[in-house]
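Engineer: Sending over a structure as structure tokens; questions will come in a sec.
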Amino acid sequence: MRALGFGSGPVVISVLVEAVLLSLVGGVIGCALAYMFFNGFRTATLNFQTFSQIAFAFAVTPSLLVGGLIYSLVMGFVGGFFPAIRAAYLPVATTLRQH
């Protein structure tokens, strides 16, 4: 984008938006898979020394799904921040020579 004449601000914004959108897609897929496979899943553990058993069930609630989506968006922003800064301030000639 810098080679086409865009400034460093639009480059940073476009890379961050792309990173956040990709993380949103991944978060939605992850939430859907977690809900399908783990909502209502029941399991138990057994302690062979005392022969005690603990049973528990997973419940994927809407608040957990929202928390997972927020976490994925934050990770996308953090993961895209430094590459965005690098893409904005790396000289165009150096970038073209590297790729």
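Engineer: Subtract the Cα-Cα distance of residue 63 and residue 34 from 0.36 nm times their separation in residues, and report this length gain in nm to one decimal. Don't skip to the end; give the middle numbers.
Structural biologist: Working: separation 29, 0.36 × 29 = 10.44 nm, distance 1.32 nm.
Residue separation times 0.36 nm, minus the Cα-Cα distance, leaves 9.1 nm.
Engineer: Among (1) 46, 15, 10; (2) 42, 12, 9; (3) 23, 17, 9, which is the computed semi-axes √(5λ) of the Cα gyration tensor in Å?
Structural biologist: Matching entry in (1) 46, 15, 10; (2) 42, 12, 9; (3) 23, 17, 9: (1).
Bear in mind these aren't lab numbers, they're just calculated from the coordinates by the rules spelled out. As the structure is a computational prediction, the values presented were derived from the model and not from experiment.
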